[in-house]
Amino acid sequence: MTVTGPEMENTPPRGGRDVPRHRSGRPDAAAARGDRNDDASPGGAASGGAAGRVAHAVFPAPIIRRATGFMPGTMLRTPGGDMPVETLAPGDFVLTAQGRMRRICWIGPIPSHGAAVARDGAYLVHIAAHACAPGQPARDMLVLPDLPIGQSGHDEVLVPAKLLTNGATLATLPTTLSGGFIECWGIVLDRPSVLLANALPVGVGVARAEVGGLPPIVTHAPVVSVRRAHLATRAQTLGWRVSTCMDLHAMVDGYRVEATRHRDGVARFAFPARARHVRLVSRTFVPADWCASADRRALGIAVRRIALGETRQTMRLLDLDDPCLAPFFWPDEGTEKGTWRWSRGILTLPRGLWGDDRAEASVTLLVEYDATASQCWVIPPAPARIFMPDHHGVSPRPCRQDRAPAPGAPGPAA
């Protein structure tokens, strides 16, 4: 994903000192603090000691576009410990995965244009804590899809995060969750390096690096396949499990209704004819999370046919191409053995499909689908925790409910 930076304007503030401002009108943080770039070289890398800090406005837009973006809250390893990326400034030092120091030449917020990025399938990647290895990352983090990550600090290759998603420990998030607009913190170092972000090795400027000894970015098999297999095994170690059960159920007027019969890819639901709002709901999965595929559609179940009626004699097949139903399905797919249509996870049935208001009447919904075509991750159960108040002078002990002893049980010791 190409992240573009804001245009900077030099607008004189009230004090008379020119402070570079973003397009939004906010003053640039580094320049407002009085940071200067007296020793900056034309190429963007600053020379001299750490005392010469670099103001955000010194670099033109092409330099800003070279920045590697991190989401706010990401902890970068520095000589003084892990620090949030938004608290760093030009001239500060960060540590590489090999323990070497690198100087920050430029750092600042770089909003990306949602519409332009959306053409490339804009989304964020959520990496769960310990997804790659114990302590890597040390905490949950959000990254841009093109951020190259490694498996250890001495990796010979880096792989973009978007190619390692598995729907569990590395899951994609659409930018619609953030209004289609992403604001991250871009960073430019004095030379491309592999840093530790939340203790996870990530490449900064490696895509444009021409320096020998730096790990290249790999986007093809077999390296990507091996990494994906490792992450899937790691996810199962953390308690995730693979299931073909897509949790198919109906929601009738806000209440969950289970299938009265569900076997061999055939699910039968019954609901009162007076119901007003009926939806068929299932889990979804993304094919790209399970194999080397570019298909990032959210797929539910592979529906072969759907029938609805009050009795077996009045059951009728629904036309999935009907304008009222088609928006809830993906286009037809199939082989010589038959055709199917992938659902999008939610199917809303129009009220006019049954239209009987008799209180005693019941409607049957029959769904036939391929029960083996879908697969999903089942999240591990959260560990039970008991929090005890911290009483001064009293040692904590497990919580116990006082209750009367059972008949015949011995009472408390005298």
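The values are calculated or read from the model by the stated rules, or taken from the named source; none is laboratory data. Not measured: the values here are computed from a predicted model.
Tabulated values for the structure
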read-out	value
Looking only at segment 66-100, and only at residues there that are assigned to a strand (DSSP E or B), of a type in the set (A, V, I, L, M, F, W, C) and more than 25 Å from the chain's Cα centre (by Cα), the one that is farthest from L195 (Cα to Cα)	F93
Residue within segment 335-357 that is under 30 Å from P222 (Cα atoms) and not aromatic (F, W, Y) present	yes
Number of positions in segment 315-354 that are over 32 Å from the mean Cα position of the chain (by Cα), among the charged types (D, E, K, R) and part of a strand (DSSP E or B)	1
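Residues are listed down the side, and each one gets a yes or a no for (1) hydrophobic (A, V, I, L, M, F, W, C); (2) modelled with pLDDT under 80; (3) assigned by TED's automatic domain parsing to the domain that holds R276:
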site: A298; (1), (2), (3): yes, no, yes
site: D319; (1), (2), (3): no, no, yes
site: K337; (1), (2), (3): no, yes, yes
site: R341; (1), (2), (3): no, no, yes
site: A371; (1), (2), (3): yes, no, yes
site: F387; (1), (2), (3): yes, yes, no
site: A404; (1), (2), (3): yes, yes, no
